[in-house]
There are 4 protein chains.
Amino acid sequence: MIIELSVIPIGVGPSLSKYVACVMRVIKKSGLKYESHSMATNIECDWEDITPLVKKCHEELKKMGVERISSTVRISERTDKPYTMQGKLQSLEEKM
Amino acid sequence: MIIELSVIPIGVGPSLSKYVACVMRVIKKSGLKYESHSMATNIECDWEDITPLVKKCHEELKKMGVERISSTVRISERTDKPYTMQGKLQSLEEKM
Amino acid sequence: MIIELSVIPIGVGPSLSKYVACVMRVIKKSGLKYESHSMATNIECDWEDITPLVKKCHEELKKMGVERISSTVRISERTDKPYTMQGKLQSLEEKM
Amino acid sequence: MIIELSVIPIGVGPSLSKYVACVMRVIKKSGLKYESHSMATNIECDWEDITPLVKKCHEELKKMGVERISSTVRISERTDKPYTMQGKLQSLEEKM
């Protein structure tokens, strides 16, 4: 299963990089395989990883004083064949 | 906490209403307060409700033969005041 | 074509209702058919309506002092049959 | 302005890579600066680029026989400083 996680702290000014860095540290510490990009982070994980990960991100942001958070988790599941971030990109490259 | 859940079954034809009905039955059975609209469903819930709910939706769709599913969970959390779907709409109405 | 528009002003405090009210006024003035709910607004429109509408929302928010905005436009298009918000909800009800 | 574009063809089977390749060709041909990743594509663009780009993606997919498409455009705008994909990633790295 691949998820894309975007966490937006609301109400703490227009500069978000220190908060995004906090979220990135939580993702790194999780030990899950991830790919960060300029709009969000893609993560290979299982069902049971999702809520603890996102909740931890919110908890750490709240410790930094964030009172409102909008997160988006896009969950992509496929059962007919193995499904990884690398496999998706390879399959795309072959078609191009 | 309010979430918006959108579940898209991929690869089973352009008509999705029977699959959306399946998802709606899962949400109803959860006992959580929800508000359905033409693009997704908004739900009042706690952290521990999220994964079981979305996982159950995927499981039921897989039983119907769906091999690929793209779900989006938008999680909106706010800690500075009580936060409900009705409260949000009321607060908006007062401002308009 | 049905779109769902969510506009999040970032960095102007945790209370967003006056900004959401501003966005709602822009949507109302557009004359497009819409359905607002507690997480976003669904709108029936054509391709050429999308950018002017979202851009106008951003412009009005910037006039209110918002320096950073994250908007999400979910675009749902279907060509095999007429596609309206009401039609979607009716089709869903019949299946339930 | 940075957007993230995700285009999901619905109803044409679980394997989407040939359709995603089609979308990628449209993005490449646009001449816009982009960054593709395993869940979507991030693009630096202006307001007037958005609708023609997404519409073209839908048109090309419809030529391939796709009858239903769900696209998500996340639009991130910031007016207080220059805003690029590279700048975002650099700013994040400095904070980590």
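Figures for the structure shown
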item: Degrees, to the nearest 10: B:17-29 long Cα axis against longest axis of chain B; result: 50 degrees
item: Under the Karplus curve 6.51 cos²θ - 1.76 cosθ + 1.60, θ = phi - 60°, whole-Hz ³J(HN,Hα) for the range A:65-76, x wherever Gly or Pro sits; result: x, 7, 9, 9, 9, 10, 10, 10, 10, 9, 10, 10
item: Per-pair calculated FRET efficiency, R0 = 30 Å: D:Glu93 and D:Ala21 via Cβ, rounded to 0.05; result: 0.45
item: Of all chain A residues, the one whose C-beta is nearest the axis that brings A onto D, in angstrom; result: A:His37, 2
item: Heavy-atom SASA rank of D:Tyr34, B:Tyr83 (probe 1.4 Å, accessible area, largest first); result: D:Tyr34, B:Tyr83
item: Probe 1.4 Å, accessible area per residue of chain C, Å²; result: 42 Å²
item: 10 Å binning of all Cα-Cα separations within the protein assembly as shown, expressed as whole percents from 0 upward; result: 5, 24, 37, 28, 7, 0
item: For the range C:42-82 and the range B:58-96, distance of Cα centres in Å; result: 20 Å
item: Helix A:47-63 vs. chain A, principal-axis angle (Cα, 0 to 90°, nearest 10); result: 20 degrees
item: Computed FRET value (nearest 0.05) for D:Thr84 with D:Lys29, which takes r as the C-beta separation and R₀ as 22 Å; result: 0.55
item: On Cα atoms only, tilt of B:85-95 relative to the major axis of chain B in degrees; result: 50 degrees
item: For B:Gly11, residues with placed amide H under 5 Å, excluding near neighbours; result: D:Gly11, D:Val12, D:Gly13
item: In nm, spacing of pseudo-spin labels at A:Lys63 and B:Glu48 (7 Å Cα→C-beta vector); result: 2.2 nm
item: Inter-chain shielding of D:20-32 (mean C-beta neighbours from other protein chains, 10 Å cut-off); result: 2
item: Exam field: C:Glu59 pseudo-label spacings to other copies (7 Å along Cα-Cβ), nanometres; result: 2.5, 4.6, 5.1
item: Radius of gyration, Dmax [the range D:1-76; alpha carbons; angstrom]; result: 11.7, 34
item: Accessible surface buried upon C-B contact (total; probe 1.4 Å; Å², nearest 100); result: 2600 Å²
item: Residue-averaged beta-carbon neighbours from other chains (10 angstrom radius) around A:37-45; result: 6
item: Teacher prompt: C:Lys29 distances to equivalent labels in other copies, 7 Å Cα→Cβ, nm; result: 3.7, 4.6, 4.8
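The values are calculated or read from the model by the stated rules, or taken from the named source; none is laboratory data. Since this is a predicted model, take the numbers as computed values, not measurements. Positions of Cβ are generated from backbone atoms using ideal geometry, with glycine treated the same way; all protein chains shown enter the neighbour counts. Each accessible area value is taken on the protein alone, full model and side chains, heavy atoms only, with ligands, DNA and RNA left out. Shrake-Rupley method; radii C 1.70, N 1.55, O 1.52, S 1.80 Å.
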